[in-house]
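Below is one structure, written out as structure tokens; the observations come after it.
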Amino acid sequence: MTTTTPRFPADFVWGVATAAYQIEGAVDEDGRGPSIWDTFSATPGAIDGGDTGAVACDHYHRWAEDLDLMQRLGVDAYRFSIAWPRVIPAGTGSVNQAGLDFYDRLVDRLLERGIAPFATLYHWDLPQPLQDAGGWPERSIVDAFVAYADAVTRRLGDRVAAYATMNEPWCSAVLGYALGEHAPGLREPALAPHAAHHLLLAHGTALEVMRANAPGAQHGIVLNIHPAYPATDAPSDIAAARRFDGFFNRWFLDPLLEGRYPSDVWEGYGAAAPDVREGDLETIARPLDFLGVNYYTRIIATSDPTVPWPSVRAVPFESTPTDVGWEVYPQGMTELLLRLQREYAPPPMYVTENGAAYADVLHNGTVDDPQRIAYLEQHVAAVHAAIEGGADVRGYFAWSLLDNFEWARGYAKRFGLVYVDYETQARVPKRSASWYAGLIARHRGEIDD
Ligand code: GCO
């Protein structure tokens, strides 16, 4: 472990992140309607262990205790998501005030503790009735999202420091509609580009009402950026990495930050390319106050003509993977942030998610997680290196505050700084929580290196 903390800018924001369906539970409480994740996780075989988000971390009832945990960490900000099915249970139509009450209370208690609320409007839990009407591949969903964004920002206003419209639209579009690994669990690849287009269009369209309702808040979007490295310097591998980068990263970065779709990816999609109408790209490219970047790992890419476009296969790596099989590659964080700065001159960036799953064990009331500490320390240093290199990064949010429902992997994969004993719902801060609290305190000069 390094003994000195890299020096970050004085106003650098240290936070933790979660998402509604992954922690809240209470899926039938106070008027909440069903989401596509309630439906998907109830589908036999969809989720490891047959887990669902019905109870999760019971955060809906234990939220005050979880705020105490955040306060003990000393975080400046908390990134959470708002469940659309709590706010507008049918997806469109009447607003469920009891659903908004939960977030209204959460925001006020965060502010009382000096913790800035960073709220994501859409972290994958689409109201089921909207999927029944076609979901993200249907353009009409844009209006539904704008009405939802209006209801939330009208109620919470500037008390929320930063609103992200979407979390990881690639996952919603590709994992949800093409690969079937996430809700709604469809395996219709031709739907993904249309879903992606409407996620981006909903984002851009909603910005207008969000800024009107919360002029003092920052407004942005969160993308998971997955850097692709060619397995060798063979032209076919270099081309494979470029194709993967287009499929995963540039298909979102280019419209949002440059107002156009990348032509190589557009050609790759062929007949499945989306129906882009007059003005769509101008709407999508409306200015952002921040860009959220979720980084976990990289892909080592090689060409594989036996699989559908982008015809890329990941090449195994040598080092010890995390518990979800990801390579620990902190230099990918530095190189990614510098690339974004160099190629896109983006608005200020936040690392909105970074963390690792390990097979944590609760032993004598403690959880010793040296691998997670090493991962976080290396990646925090990697963010620092990017800042030193000229990347405008304003903050870092560890994924996650709590162990939680890790989507298709269920509860077996633990990403939290805080261990959750799902039998009792007891929270046990892991050693990484103390490490993160120490990092933040050192950053503030409250304790020496
Ligand atoms: C994501 C989601 C999180 C995940 C985390 C670990 O980035 O996929 O935002 O909800 O749980 O990334 O996979």
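The values are calculated or read from the model by the stated rules, or taken from the named source; none is laboratory data. Predicted model, so just to flag it, every value in this text is computed and none were measured. Here the Cβ positions follow ideal geometry from the backbone for every residue, glycine too, while neighbour counts run over all protein chains shown. Calculation scope for accessible area: heavy atoms of the full protein, side chains included, ligands and nucleic acids excluded. Shrake-Rupley method; radii C 1.70, N 1.55, O 1.52, S 1.80 Å.
Averaging the Cα positions of each part gives two centres, and for the range 39-77 and the range 388-407 these lie 17 Å apart.
Averaged over its residues, the range 220-277 has an accessible area of 39 Å² per residue, based on protein heavy atoms and a 1.4 Å probe. In the range 52-193, taking the dipole from charged Cβ atoms about the Cα centre, the farthest positive-side position among Gly114, Ala190, Ala90 is held by Gly114.
Evaluated with a Cβ-only charge set (Lys, Arg +1; Asp, Glu -1), the range 214-327 carries a dipole of roughly 60 debye about its Cα centre, given to the nearest 20. For the chain, the relative contact order comes to 17 percent (Cα pairs under 8 Å, sequence separation of at least 6). Dividing the mean sequence gap of close Cα pairs (under 8 Å, 6+ apart) by how many residues the range 338-405 holds gives a relative contact order of 51 percent. Annotation: average projected area of the range 318-397 is 6.1 square nanometres, based on the convex hull of Cα atoms across all directions. Estimated from the Cβ-Cβ distance and a Förster radius of 60 angstrom, the FRET efficiency linking Asp143 and Asn364 is about 0.65.
Per-residue extension of 0.36 nm, minus the Cα-Cα distance of Asp158 and Asp48, leaves a gain of 35.7 nm for this segment.
Given +1 at the Cβ of Lys and Arg, -1 at the Cβ of Asp and Glu and no other charges, the dipole of the chain around its Cα centre is 460 debye to the nearest 20. Taking Asn213, Asn354, Asn167 in turn, the Gaussian network model of the chain (Cα-Cα springs below 10 Å) assigns the largest fluctuation to Asn213.
Dimensions of the range 1-151 from C-alpha coordinates, computed as largest minus smallest value along each principal axis and given longest first, are 54, 37, 29 Å.
By the Cα gyration tensor, the chain has an equivalent ellipsoid whose semi-axes, rounded to whole angstrom, run 29, 27, 22 from largest to smallest. Taking R0 as 25 Å, what's the FRET efficiency between Ala273 and Glu208 from their Cβ-Cβ distance, rounded to 0.05? Working from the Cβ atoms, E equals 0.40. Hey, in the GNM for the chain with a 10 angstrom Cα cutoff, which one of Pro346, Pro137, Pro235 fluctuates hardest? Answer for the Gaussian network model of the chain: Pro235.
Which listed residue (Gly99, Leu175, Gly389) has the Cα farthest towards the positive end of the charge dipole for the range 13-443, taking +1 on Lys and Arg C-beta and -1 on Asp and Glu C-beta about the Cα centre? Working it through, the farthest residue towards the positive pole turns out to be Gly389. Under the simplified labelling scheme, the Ser263-Glu65 pair shows an inter-label distance of 5.8 nm, with each label point 7 Å from Cα along Cα→Cβ. Helical content alone sets the calculated 222 nm signal of the chain at -11000 deg cm²/dmol, taking -39,500 (n - 2.57) per DSSP H segment of four or more residues and averaging over every residue. Please report, as a whole percent, how much of the solvent-accessible surface of the chain comes from carbon and sulfur atoms (probe radius 1.4 Å). Roughly 52 percent of what the probe reaches on the chain is carbon or sulfur. Averaged per residue, the range 48-193 has 32 square angstrom of accessible surface, using a 1.4 angstrom probe with ligands and nucleic acids left out.
Label-to-label distance, Val315 versus Asp28, with points set 7 angstrom from Cα along the beta-carbon direction: 5.2 nm. The simple spin-label model puts a point 7 Å past each Cα toward its Cβ; for Ala133 and Thr92 those points are separated by 0.3 nm. Note on the chain: with a GNM built from Cα contacts shorter than 10 Å, the maximum mean-square fluctuation among Ala381, Ala19, Ala359 falls on Ala359.
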